[in-house]
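Have a look at the structure below, then the notes.
Since every read-out is calculated from the coordinates, none of them should be taken as a lab result. Remember, predicted model here, so these are calculated numbers, not experimental data. Don't worry about glycine lacking a Cβ; one is built from the backbone with ideal geometry, like all the others, and counts go over all protein chains shown.
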Amino acid sequence: MRGDIKLIMKKIIVGNWKMNPETLEEAQDIAKEIKKIASKLKKIETVICPPSIYISNLKSKISNLPVDEAGLKLGAQDVSAEFDTGSYTGEISAGMLKNIGVKYVIIGHSERRAMGETDEIINKKIKTALKAGLKVIFCAGEKERDDEEHFLDFIKKEIEGGLHGVEKKFFRNIIIVYEPVWAISSGKKFRPDNPDSVFKITIFIKKTLMPLVENGALRSIPILYGGSVTALTAREFLEKGGIQGLLVGGKSLIPKEFSQILEIADRL
Ligand code: PGA
C-alpha cells in the first residue's frame, strides 16, 4: 500500500518518439542515453514510447536490470481495438504488447485522431488495453481556443467518449494527457500553452472525471500536459500547471534535453 501511494505521487514523464528515428541503431543510442539518467532518478516515472518495431530490441538492450531498477518503462504509441488475435492485417494487440514487456500505451493522440480515429474507436482501444493490463496514456485536447470557451465542451466530449463504460476499477491504470492540438510542435503555427491556462483546464478535467470514478479515486488519476514542452518550460508547467507530469514529443528524441526535463521533474 505504501508503495502504491509512493507511485501515485511520482511525476510521470513520457517521451513520444512518434515515427522516429529512421534506424534501430539511432533508437538504441537515444534509449541508452536516456536510461543513464533515468536509472539515477528515483522520484519520477520515465516512460519512452518508441515505434513498436523497436520495442523488443530496446527492451533487451535497456532493461538488463530489473525493470524498476532500470528506471525506464516502455510504452507503445498505439494498439489494436481488437482484443483477440486474428485476421487484422497490420494490427498489434494489447496482449502482444504486454507480453513483450510494454507497460503503457498512448491512445487518443491527435495525430491518430487526424488519421480517422473516432471517440468510439479510442474507447474500444482503451478498454482493450486496460483488459490486457496495460496502463493507458489517454490524450485529449481541443484543435483551437475560442473566447466563449466552447473548447471546454470539446475536451469534455473527447474525455467522456474515450472513457465511456470503462469500469471504475480500471481508473487506477489511466493517465490523462491534456494536449491542445495547436500547441504540438509539429503544427504550422504552434505555440505552447501557458501554466495558468493548463491549471484551469486540469481542474476542468477533474470535474469531468468526477462522475466517472469512485469516490476518492480522482486524486490518484494523473493529469499530464503535452505540447511543445522543452527544458526551458518544463519547470513552470510542473510547478504551476496543477499537473503530475509531461508528455514530450520532439524534445524526447534529443537525449540531452530530455534528460534535463527528467532532472527538473525529479528535483521538484
Ligand atoms: P511536442 O509533441 O512535444 O513535439 O509538441 C507532443 C506530442 O504530440 O505528443
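The table that follows gives values for the structure above.
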read-out	value
Order by protection proxy (mean Cβ within 10 Å, highest first), peptides 177-190, 203-216, 242-255	242-255, 177-190, 203-216
Percent RCO, i.e. relative contact order, over segment 151-265, from Cα pairs under 8 Å lying at least 6 residues apart	27 percent
Contact order relative to length of segment 132-183, as percent, for alpha carbon pairs under 8 angstrom and 6 or more apart	62 percent
Aspartates and glutamates with Cα under 17 Å of residue 35, excluding same-chain neighbours fewer than 8 positions away	25, 26, 45, 68, 69, 257, 263, 266
Added length on full extension, which subtracts the Cα-Cα distance from 0.36 nm per residue, residue 232 to residue 148	27.2 nm
Average projected area [Cα convex hull, the chain], square nanometres	13.7 nm²
Residues of type lysines that residue 124 reaches as a straight line, Cα spacing below 19 Å, ignoring anything fewer than 8 places off in the same chain	98, 103, 135, 156, 157, 168, 169
Listed residues 11, 200, 32, most fluctuating in the chain (Gaussian network, C-alpha, under 10 Å)	200
Relative contact order for the chain, counting Cα pairs under 8 Å that sit 6 or more residues apart, in percent	21 percent
Cα centroid separation - segment 231-257 against segment 149-195, whole Å	17 Å
